[in-house]
Each structure stands twice: as structure tokens, then as C-alpha cells.
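Shown next, in C-alpha cells, is the structure this report addresses.
The values are calculated or read from the model by the stated rules, or taken from the named source; none is laboratory data. Note that the structure is predicted; figures quoted are calculated from it, not measured. Because the Cβ atoms are built from the backbone with ideal geometry, glycine has one as well, and the counts that use them run over all protein chains shown.
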Amino acid sequence: MLELKNLTIRLSMNDREIIDNLNFVLNPGDRAVVIGEEGNGKSTLLRAIYGLNDDYCDYDGQIVAKGKLAYLPQFFPAELLDAPLRNYFAEENLGAHARILAQLSLSAEFLDSQRPIRTLSGGEKIKIQLARILMAEPDILLLDEPTNDIDIQALEWLEDFIRSCRQPVLYISHDETLIENTANVIIHLEQLIKKTKSKVSIFYGSYSEYVKRRGLAFDKQLQVAKKQRSDHRAQMERWRQIYDKVDHAQRDITRQDASGGRLLKKKMKAVKSTGRRLERQSGDFLDIPQMEEAIVAGFDPKIGVPRGKMVLELSLPGLFVGERQLTNAVNLTIAGPERIGIIGTNGVGKSTLLREIWRSLKDRRDITAAYMPQNYREVLDYEQPVLDFLAPNSNKADITKARTYLGGMKFTRDEMTGKIGRLSGGQKAKILFLDMVLRGANVLILDEPTRNFSPLSAPEIRRTLNEFNGAIISISHDRKYLSEVCQKVYRLAENGLSLHII
């Protein structure tokens with residue numbers, strides 16, 4: 001069992017609370033997912049539970065763990081990437097863990113090989129980390145974004161693993177489908193009112209039920225709160241009319257009518273008492289509910305690609321990394337405002353293919369292509385201020401327009417003027433989308449466009465891209481993105497590119 005008592009986490013630099021007074025118990029059978037926008041403290045929470053207290057945070061409260069904790073970090077330790085698999089498992093008796101290897105679909109021969117860890121796929125890296133964790137016989141699993149960088153086949157395997165795991169699991173994920181298929185407890189971390197107020201919601205049930213009830217509760221509270229204020233305004237207006245009438249009568253009454261004056265004075269006292277009572281009532285109103293909105297700049301509907309226009313005619317003898325050949329010949333033709341997705345196992349060359357597509361389109365004069373790589377550093381200078389990137393000519397009108405869009409997407413003033421490197425992954429993705437909007441791009445080349453967005457933000461991304469009238473060429477392992485945005489899905493394999501039926 002894991003218990004969090006009044007856990008509060010604050011940022012050391014400005015004392016801003018990112019988690020306030022969290023109380024939670026993780027029990028046997030729980031598969032609890034932590035969701036929220038980037039920068040809301042999800043990874044910080046898991047690290048704090050495991051005892052990895054970060055120096056950029058201050059902590060209050062208690063963390064009580066009854067049993068052994070195991071932690072899978074968001075990123076594989078860089079210092080171990082060049083080690084062979086055999087070294088990673090040097091202290092383990094692989095023969096004694098046949099059940100675990102079978103559970104993870106791994107063989108002892110594979111784990112005892114000299115193969116460098118760096119050459120493994122994303123899914124294989126997750127599996128070997130889980131293998132070593134499980135060999136230590138933990139009582140509780142903490143998994144920080146195990147869905148990052150793994151293909152659809154590995155995602156489906158991970159779903160089965162989390163569902164069948166005998167230990168309670170507390171995990172972070174951006175993959176809506178995996179969350180829908182595995183979680184039975186939802187822990188939602190939010191930052192409201194321009195990130196000045198933190199909120200934690202805990203729901204025992206499925207993710208789809210949480211989203212439904214959250215929406216209904218929000219709408220109900222908003223409706224009641226608005227009606228309370230509307231009724232109060234009407235009452236105050238009636239009270240004001242009565243007050244003005246009595247006040248006018250008091251000013252007009254003659255000194256000779258002493259009896260009438262006393263009656264009016266008594267009546268005014270009662271009117272003022274009513275006014276004070278109405279003012280006090282306003283303090284009991286329901287708050288106007290706040291929700292951390294997922295807002296992304298929308299594309300101009302006038303910008304698009306004419307139907308039938310040839311966007312891409314790509315013919316490659318194969319995909320190569322250095323001298324190593326990844327695939328055979330690749331051919332891809334895209335005409336008009338098509339939205340296509342590309343899937344395939346990790347390491348087959350999907351990102352390599354997208355870079356080739358970008359190279360072939362970026363200098364075209366008849367289209368305006370924009371590129372979002374999986375590694376944002378390919379196109380972003382992390383030392384550059386955000387506004388310098390979005391308004392490179394320092395034109396006042398361009399800066400004002402960028403500020404307006406950024407404000408609409410809930411960026412604070414400090415985030416607008418600060419360096420790109422200080423933004424969260426989701427915020428970096430938002431400024432890349434905004435750059436596409438400001439430049440009037442009509443062909444988008446996107447490598448995992450939803451990977452840094454929370455499951456509550458991803459529907460907004462899908463809606464925005466569905467309304468886009470240009471062409472989209474994308475790689476994704478997000479099953480909802482593929483089914484809702486992409487009109488065609490291609491599978492990249494060693495023998496080339498082929499149309500995939502979902």
C-alpha cells in the first residue's frame with residue numbers, strides 16, 4: 001500500500017504550488033494514472049514518491065509506502081545506453097526468472113547477449129527495464145510515461161501488462177487509448193487562473209467515465225453559478241429601485257410631517273438591512289468553475305491545398321542511416337488536401353522518411369511546408385526567446401499578433417518573453433503549431449504531433465488538424481489520431497511502404 005498525506009509540492013524559484021494538499025491511497029488492484037498538462041508536476045510527483053527529491057522543489061506532507069517501490073523513469077539512463085544487455089543484467093540469475101521473462105515476452109538468450117542497449121527499439125527498452133524491476137520483486141510499480149517512443153504493437157503489449165500486473169501501478173501516460181483500456185483510478189493535476197492555483201481531482205473509475213462526469217459537473221456548476229449571479233443582480237436591481245424611491249421620499253418630505261419622516265426613516269433602515277443581507281448572500285454563491293483548457297491556435301480556413309494538386313511524388317531506392325539500409329524502395333504520392341499517417345515498428349526508419357519528405361518540400365515555391373520533428377531541437381533554438389522565434393523580423397504588428405495568440409493559449413507573460421528551452425514539451429509543441437499558423441503553412445509534416453499533449457488536450461489537437469484544409473503527412477502511434485485525423489494510413493516495413501487497413 002502507498003499513502004500520500006497532505007502532500008504539497010512548491011517550486012523553489014517562486015514558491016508556486018504545483019500540487020496542493022494531495023491525499024491518496026494506492027491499494028492492491030489499483031491501476032492509477034496521473035494526467036495533466038506538461039509542467040503540472042506529474043513526473044515530479046512520481047520522483048518524490050520514489051524518494052528522488054528534485055532541488056527545484058520544496059515538499060511538505062507525508063509519503064508512506066508499505067512495501068518495496070520500483071520506478072521506471074521517463075528516459076532510459078544515458079550512461080547505460082552503450083552497455084551490452086549482458087552487463088545490464090549481470091547481477092541477475094536469468095534462469096530463476098523464467099516466469100517474468102515469459103510475462104514480458106523476452107528470452108534469456110536475448111538478455112545475455114552483447115547487443116548494445118542503444119540499438120534496442122523503444123518497446124524493447126521498456127521491457128528490459130520492467131524485467132530488471134520485476135526481478136527485484138517490488139510491491140508497487142511507478143511508471144513514468146512508459147508509452148513514450150514505443151510502437152502500436154508495443155503499446156498493445158503494455159496495455160495487457162498493466163491490466164494483468166499483480167502489483168498496484170501508479171503511472172503517467174499521454175496515450176488516451178491505453179488509459180481508457182487500463183486505468184481504474186484517475187489523478188488529475190491542473191494549474192488554474194494563469195497558473196496561480198493548483199487543483200487535484202481524484203476519481204475512482206474509468207477514464208471515459210471521468211471525462212463524462214467532469215464535463216457534466218462543470219456544466220452543472222457553471223449553470224447554477226450563473227443563475228445565482230443573474231438572480232442576485234435582479235434582486236439587487238429591485239432593491240436599488242426601492243432604495244432610490246425611499247431616499248427620494250425622504251428628501252422631499254417636509255419638516256412639518258414628523259410622523260411621515262419617522263416612518264420613512266424606519267423604512268430606510270429596513271431597506272438597508274435587506275441590502276446588507278443580499279450582499280452577504282453573494283458570499284455563498286458557487287464559484288464559477290475553472291478548467292485548464294487545451295487551446296491551440298486554429299488554422300485560417302482560407303489556407304489550404306487545391307483538390308488534385310500534386311503535393312508529393314517521392315521515390316527512394318531505400319532508407320539508409322549511414323551505410324546501413326533500413327528499408328527497400330519507398331514510393332509515396334500525395335495529391336490535394338490529403339491527411340496521411342505512417343506507422344511501423346521502432347527503428348524501421350519512419351523519422352528518417354519524414355526528414356527526406358521535409359528536404360524535398362521545404363524549398364518549394366508553390367506550397368508552404370512546415371515541419372514538426374520528434375526532437376524539437378532540430379528546428380528550435382532553446383536559447384532563443386519565444387517571441388523572437390514567432391516574430392523574427394521584430395515587426396511590432398507581428399509581435400502583437402504572436403502575443404495575442406500566445407495569451408489565448410494560456411501562456412503567461414514570463415513564458416512569452418522567456419527562452420524556448422524553459423517551456424514544457426507541450427508548450428514547445430504549441431509554439432510550433434502557432435508558427436505554422438502565423439506562416440500560413442498549407443502542408444504539415446508532423447512527427448508524433450500529439451506525443452507531448454495530455455489526454456485531455458489531444459482531442460483539441462485532433463479537432464484543429466481535422467479542420468485544416470491543407471495536406472498533412474504524419475507519423476503517429478496515437479491510435480485515436482490515426483483513426484480520427486488520417487484519411488489513409490501507410491505501414492513502413494523493411495520491404496517498403498504499403499497501405500495499411502485499420
| query | Mind checking which residues of segment 66-87 are more than 32 Å from the chain's Cα centre (by Cα) and of a type outside the set (Gly, Ala, Ser)? | reply | PRO84, LEU85, ARG86, ASN87
| said: Taking the criterion of being in the same structural domain as GLU356 (by TED's automatic domain parsing), in contact with a helix residue (DSSP H, G or I) (Cβ under 8 Å, 6 or more places away or on another chain) and assigned to a strand (DSSP E or B), would at least one residue in segment 448-463 satisfy it? | reply: no
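Please pick out the residue among ARG463, ARG479 that is surrounded by fewer than 23 Cβ atoms within 10 Å (Cβ to Cβ) and within 25 Å of ASN346 (Cα to Cα). Before the answer, list the steps.
Values: ARG463 fails: within 25 Å of ASN346 (Cα to Cα).
After applying the criteria, what remains is ARG479.
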| request: Would you mind telling me which numbered condition in (1) within 30 Å of LYS309 (Cα to Cα); (2) of a type outside the set (Asp, Glu); (3) outside any loop (DSSP other than H, G, I, E, B) GLN374 fails? | output: (3)
| Are any residues in segment 493-502 on the phi < 0 side of the Ramachandran plot and either surrounded by 14 or more Cβ atoms within 10 Å (Cβ to Cβ) or touching a helix residue (DSSP H, G or I) at 6+ places or on another chain (Cβ under 9 Å) (or both), and if so, which ones? | ALA493, GLU494, LEU497, HIS500, ILE502
| task | Report the residue count in segment 364-379 for those that are without any contact (Cβ under 8 Å) to a residue 40 or more places away in the chain and closer than 15 Å to GLY426 by Cα. | result | 2
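Being under 27 Å from the mean Cα position of the chain (by Cα), in the same structural domain as ARG462 (by TED's automatic domain parsing) and modelled with pLDDT under 95 is true for just one of GLY349, GLY318, GLY336, GLY322. Which residue is that? Let's see the steps before the verdict.
Values: GLY318 fails: under 27 Å from the mean Cα position of the chain (by Cα); GLY336 fails: under 27 Å from the mean Cα position of the chain (by Cα); GLY322 fails: under 27 Å from the mean Cα position of the chain (by Cα).
Result of the check over GLY349, GLY318, GLY336, GLY322: GLY349.
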| field | Selection count, segment 464-492, where residues are out of contact with any helix residue (DSSP H, G or I) (no Cβ under 6 Å at 6 or more places or on another chain), farther than 23 Å from ILE367 by Cα and aliphatic (A, V, I, L, M) | value | 1
| Odd one out for LEU380 among (1) outside any loop (DSSP other than H, G, I, E, B); (2) of a type in the set (A, V, I, L, M); (3) in contact with a Phe, Trp or Tyr (Cβ under 8 Å, 6 or more places away or on another chain) | (1)
| message | Scan segment 165-172 and tell me whether some residue there is over 18 Å from the mean Cα position of the chain (by Cα), of a type in the set (Ser, Thr, Tyr), assigned by TED's automatic domain parsing to the domain that holds ASP30 and closer than 21 Å to ILE9 by Cβ. | response | no
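In this structure, does LEU465 turn out to be among the aliphatic types (A, V, I, L, M), closer than 17 Å to ALA370 by Cβ and modelled with pLDDT of 90 or more? Even if it seems obvious, please write down each step before you answer.
Numbers: among the aliphatic types (A, V, I, L, M): yes; closer than 17 Å to ALA370 by Cβ: yes; modelled with pLDDT of 90 or more: yes.
Taking the combined requirement at face value, the residue satisfies it.
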| said: What pairs come out if I take residues in segment 256-282 that are within 17 Å of GLU237 (Cβ to Cβ) and pair them with residues that are of a type in the set (Asp, Glu) and at pLDDT 85 or above whose C-beta lies under 8 Å away, six or more apart or interchain? | reply: none
| remark: TYR382 passes all but one of the listed conditions (1) surrounded by fewer than 17 Cβ atoms within 10 Å (Cβ to Cβ); (2) of a type outside the set (A, V, I, L, M, F, W, C); (3) without any contact (Cβ under 8 Å) to a residue 24 or more places away in the chain; the exception is number (3)
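Residues that are surrounded by fewer than 19 Cβ atoms within 10 Å (Cβ to Cβ), touching a residue at least 12 places away in the same chain (Cβ under 8 Å) and touching a Phe, Trp or Tyr at 6+ places or on another chain (Cβ under 8 Å): find the helices (runs of 4 or more DSSP H) completely inside segment 389-441 holding 2 or more of those. Break it down stepwise before answering.
Working: elements: 396-408, 413-417, 425-438.
The qualifying helices (runs of 4 or more DSSP H) are 425-438.
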| task | Please indicate, with yes or no, whether at least one residue in segment 109-119 is among the hydrophobic types (A, V, I, L, M, F, W, C) and either farther than 17 Å from ASN87 by Cβ or surrounded by fewer than 18 Cβ atoms within 10 Å (Cβ to Cβ) (or both). | result | yes
